[in-house]
């Protein structure tokens with residue numbers, strides 16, 4: 001049962017919670033020991049919270065997951081974990097996470113609570129409403145960034161938040177397209193909202209989101225406020241890594257029929273992984289060493 005519970009909490013997808021570190025990194029406080037430890041603890045708290053959200057989501061989607069070619073193997077859909085047991089653990093884990101978050105920071109706890117409420121609403125209703133489903137996912141990423149920022153009491157650039165909005169929309173739309181393609185005529189049986197998306201619409205939305213991500217990141221690196229904050233114009237030299245990363249992910253979506261699991265795609269595709277690592281190294285060098 002413990003093994004089934006851990007699998008249902010989807011630890012592989014906890015990488016999404018790394019967005020919490022954005023405030024720490026871009027405020028140049030990575031080497032501030034106390035703030036770094038505090039952010040690491042916040043990351044753990046968010047992982048527990050998102051784990052409880054995944055449990056709730058699987059409880060709501062158990063019937064649809066059984067009709068999915070791969071999701072039918074999930075513990076709840078396959079019967080390895082009972083609904084009652086999953087619900088008890090979901091409530092317990094969410095309470096533990098929120099209480100622990102209060103010990104770190106009240107503002108952080110309120111942001112985490114807002115994220116939890118949003119994701120529960122997503123599982124129960126928003127995922128069935130066309131366009132609002134991907135916007136809800138995007139808002140979840142924004143709340144991660146905001147949570148990390150209020151935790152260390154720093155201001156997050158509006159451009160950086162804009163980048164987060166469009167990047168998360170890009171990833172969410174890529175996932176919708178993957179589901180629409182892989183499930184074909186049976187897509188509506190798995191996820192009701194998929195029948196409201198056409199491939200043409202998804203392709204156009206992905207194009208808009210990817211272009212907006214690139215543009216907002218470029219404007220962020222070259223904005224006067226960014227240059228003054230970091231005392232350098234060199235952040236613009238990281239733009240090529242973002243360009244390649246977006247293009248490579250588009251290649252995975254449209255040629256390799258990927259995009260269903262961004263975290264899996266990241267670690268499975270070596271060129272994309274290398275590009276992300278190089279971007280991290282470049283940003284780290286510009287912000288902390290030069």
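What follows draws every value from the coordinates through simple rules; no lab data is involved. Computed from a predicted structure; not experimentally measured. Every residue, glycine as well, gets a Cβ built from its backbone with ideal geometry; the counts of neighbours run over all protein chains shown.
Pairing the Cα long axis of helix 239-254 with the longest principal axis of the chain, what angle in degrees results, from 0 to 90 and rounded to the nearest 10?
That works out to roughly 20 degrees.
Which value, in Å to one decimal place, does the Kirkwood hydrodynamic radius take for segment 157-290 when every pair of different Cα atoms is included?
It is 16.0 Å.
If neighbour count is taken as other Cβ atoms inside 10 Å, put 238, 70, 50, 15 in order from fewest to most. Let's see the in-between values first.
On the way: 238 20, 70 10, 50 26, 15 14.
Starting with the residue having the fewest Cβ neighbours, the order is 70, 15, 238, 50.
Using the 10 angstrom Cβ neighbour count as an exposure proxy, how do 179, 257, 224 rank, fewest first? Write out the running numbers ahead of the final one.
Numbers: 179 19, 257 12, 224 7.
By the 10 Å Cβ count, ascending: 224, 257, 179.
Cβ neighbours within 10 Å, averaged per peptide: list 225-235, 131-141 in order, most packed at the top.
So the peptides 225-235, 131-141, ranked by packing, come out 131-141, 225-235.
Could you state the principal axis extents of the C-alpha atoms in the chain, from the largest down, to the nearest angstrom?
Cα extents, longest axis first: 56, 46, 31 Å.
What is the helix-to-structure angle for 33-60, meaning the angle in degrees between its Cα long axis and the longest Cα principal axis of the chain, kept from 0 to 90 and rounded to the nearest 10?
Rounded to the nearest ten degrees, it is 20.
Please order 203, 265 by the number of other Cβ within 10 Å, starting at the fewest.
So the ranking, lowest neighbour count to highest, is 203, 265.
Of 210, 198, 107, which has the largest mean-square fluctuation in a 10 Å C-alpha GNM of the chain?
Looking only at 210, 198, 107, the biggest GNM fluctuation is shown by 198.
Between 0 and 90 degrees, rounded to the nearest ten: what's the tilt of helix 106-124 against the longest Cα principal axis of the chain?
For helix 106-124, the angle is close to 40 degrees.
Which value in deg cm²/dmol, rounded to the nearest 500, describes the helix-derived mean residue ellipticity at 222 nm for the chain, given -39,500 (n - 2.57) per DSSP H run of n ≥ 4 and division by the residue count?
Taken over the chain, the calculation gives -24000 deg cm²/dmol.
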